[in-house]
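**Q** Please read through the structure below; I'll follow up with questions.
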Amino acid sequence: MQNISKSQNYFNKAKDLIPGGVNSPVRAFNSVGGVPRFIQKASGPYLYDVDGNRYVDTICSWGPAIVGHANEEVISAVKNSLSNGLSFGAPTEGETILSEMIKEHVSSVEQVRLTSSGTEATMSAIRLARGVTNKDKIVKFEGCYHGHVDSLLVKAGSGLLTLGNPTSGGVPKPFAAETIVLPYNDPQALIECFEAFPDEIAAVIIEPIAGNMNLVKPNKEFLKLLRNTCDKFGSLLIFDEVMTGFRVSLGGAQQILDIIPDLSTFGKVIGGGMPMGAFAGKKEIMKHLAPLGPVYQAGTLSGNPIAVAAGIATLNIVSQPNFFRSLELLTNELIVGLRDIARNCEVKDFSSDCVGGMFGLYFRPEIPKTFNDVLDSNIDLFKQFFHEMLTRGVYLAPSPYEAGFLSIKHEGKPVQEILEAAKESFNAINERKE
Ligand SMILES: *Cc1c(COP(=O)(O)O)cnc(C)c1O
């Protein structure tokens, strides 16, 4: 048996001092039960808990650790930056370098504003869209998550599903009333919505490849229709690439799908593990932001030099030739391997999919296309699999509604360790059933 006594003690103490013992809900293991592991350190593809257990990490800090934990180049860039001081409240050259890197790789981007989180980025992008269009309504899609922004916590995705709570308390009804929630991948609902509110929609915000209701790929025709409809009605199209940016490909989901949004938001990978976000788009739109224009947006620690250093070092690595090709092959090896193992173990409620370094494991026979498909999963099987894997040293996302993430350091042995653990786990579940 795995010894988790220190994690148990730390969690008990944390629960007294921190609501639920955690600073972001999914970490509490509410949807799988059991004791969240308190992490001491991480290296490459591995996490080490306070009791000395080692895990192959398939979350990668929910995406950022794409070059592996404590990557030498990233740590060294951060150390160099540290010795110059932590924050100046004045511009630094690094902010321009990072913005230039984002612009170089993401074709829709001309200007960038850095923030300290993905939530700030989506919140600011929406304010900007409203300011530019002089319209108030926002359209979002069921199962998409855009951070804990009041007006976007309307039937939001994973975190809330995990809590079994479709909307958040504390969001005034009039705020939510300005947000229209439509089903993902549903052209008819989209057309009807724009016909009902032709002059009122400031922007449509979407995860162009959804990763917060587990991984759900978009229908390309649907996204094309979305692009055309926004143009026709004078609404801005915002691609929330906080998760997919520099994760599914160097140019993000927009590159894979070949669709140009008006605004894009970023986070996760661009901070390399430090607090970071960004929103970006054409100069014509971005010039409405303060200090140039009337749309106010700011941040004491925005463009923080340490976070910027980590981001630059990370983007330097991911932009090397073949980085994404290798990562994609690796991720594909994992999901095909898992699919084969499930089939050999005669587990029917299992399917898997991936894009770039992001994957979905689904406890249902087929890959989901909609939010309702995702909800229709064998949750009991997922919970059993999660705990069997955890005790065998594989750390999966503690919720059936989250995507998984690999790093380039998972190549070789770590992926084999996951597959080996999966074989044993499915067998253990089958034996229990018999
Ligand atoms: C993680 C995420 C956010 C929120 O970013 P934070 O840094 O957690 O505030 C927003 N949108 C998407 C698509 C995300 O995956």
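**Q** Once the other residues with Cβ under 14 Å from the Cβ of G20 are scored (Lys, Arg +1; Asp, Glu -1), what is the net sum? All intermediate terms of the calculation are to be shown ahead of the outcome.
**A** Working: positive: K13, K15, R27; negative: D16.
Overall, the nearby charge balance is +2.
**Q** Shifting gears a bit: Picking from N304, N53, N23, which is most flexible by a Gaussian network model of the chain using Cα springs under 10 Å?
**A** N23
**Q** Where the only charges are on Cβ atoms (+1 Lys, Arg; -1 Asp, Glu), what is the dipole of the chain about its Cα centre, to the nearest 20 debye? Walk me through the numbers before you get to the answer.
**A** Values: 40 positive and 47 negative charges, 130 e Å.
Using only the charged Cβ atoms, the result is roughly 620 debye.
**Q** Tilt of helix 93-105 relative to the longest C-alpha principal axis of the chain, in degrees (0 to 90, nearest 10)?
**A** 80 degrees
**Q** Quick one: Karplus J couplings for segment 344-350, per residue in order, coefficients 6.51, -1.76, 1.60, θ = phi - 60°, nearest Hz, x for Gly and Pro?
**A** 4, 8, 6, 8, 7, 7, 8
**Q** Now, a different point. Take every DSSP beta bridge with both residues inside the chain and express the antiparallel ones as a percent of the total, to the nearest 5.
**A** Antiparallel bridges: around 60 percent, rounded to the nearest 5.
**Q** Under the rule a/c < 1.5 gives rounded, and otherwise a/b versus b/c splits prolate from oblate, where does segment 341-432 land using the Cα gyration tensor? List each step's numbers first, then the result.
**A** Details: a/c = 1.67, a/b = 1.08, b/c = 1.54.
Because a/c hits 1.5 or more and a/b fails to exceed b/c, segment 341-432 counts as oblate.
**Q** Taking the chain as the reference, fit the longest principal axis to its C-alpha atoms, fit the long axis of helix 72-82 to the helix C-alpha atoms, and give the angle between the two in degrees, 0 to 90, nearest 10.
**A** Between the helix axis and the principal axis of the chain, the angle is about 50 degrees.
**Q** Would you mind checking K41/K140; K135/K220; K137/K217; K13/K173; K41/K287 for any pair whose Cα atoms are more than 31 angstrom apart?
**A** Details: K41/K140 37 Å; K135/K220 27 Å; K137/K217 26 Å; K13/K173 36 Å; K41/K287 42 Å.
Where the Cα-Cα span goes over 31 Å, the pairs concerned are K41/K140; K13/K173; K41/K287.
**Q** From the Cα gyration tensor of segment 237-326, with a ≥ b ≥ c the square roots of its eigenvalues, which class applies: rounded if a/c is under 1.5, or else prolate if a/b is larger than b/c, or else oblate?
**A** Numbers: a/c = 2.59, a/b = 1.28, b/c = 2.02.
Verdict is oblate for segment 237-326.
**Q** In nm, give the distance between the simple-model label positions of L292 and N12, each being 7 Å from the Cα along the Cα-to-Cβ direction.
**A** About 5.7 nm separates the two model spin labels.
**Q** Among the lysines, which have Cα under 19 Å from the Cα of K283 when same-chain residues fewer than 8 positions away are ignored?
**A** K103
**Q** About its Cα centre, what dipole magnitude does segment 72-318 give when the only charges are +1 on Lys and Arg Cβ and -1 on Asp and Glu Cβ, stated in debye to the nearest 20? Intermediate results must be reported in sequence, preceding the final value.
**A** On the way: 20 positive and 25 negative charges, 34 e Å.
Dipole magnitude for segment 72-318 comes out near 160 debye.
**Q** While we're looking at this one, here's another question. Name the residue, out of A70, A177, A28, whose mean-square fluctuation peaks in a Gaussian network model built on the chain with Cα pairs under 10 Å.
**A** Looking only at A70, A177, A28, the largest GNM fluctuation is found for A177.
**Q** Name the residue, out of L338, L237, L82, whose mean-square fluctuation peaks in a Gaussian network model built on the chain with Cα pairs under 10 Å.
**A** Highest fluctuation of the listed residues: L82.
**Q** Given the rule -39500 (n - 2.57) for each run of at least 4 DSSP H residues, summed and divided by the residues of the chain, what is its mean residue ellipticity at 222 nm, to the nearest 500 deg cm²/dmol? If you can, show how the numbers build up before the last one.
**A** Working: 15 runs with 173 residues, N = 434.
Calculated at 222 nm, the ellipticity per residue is -12000 deg cm²/dmol.
Where a number appears in this text, it was derived from the coordinates with a stated rule and is not lab data. None of these values were measured; they are calculated from a predicted model. No Cβ is skipped: glycine too gets one built from the backbone with ideal geometry, and neighbour counts run over all protein chains shown.
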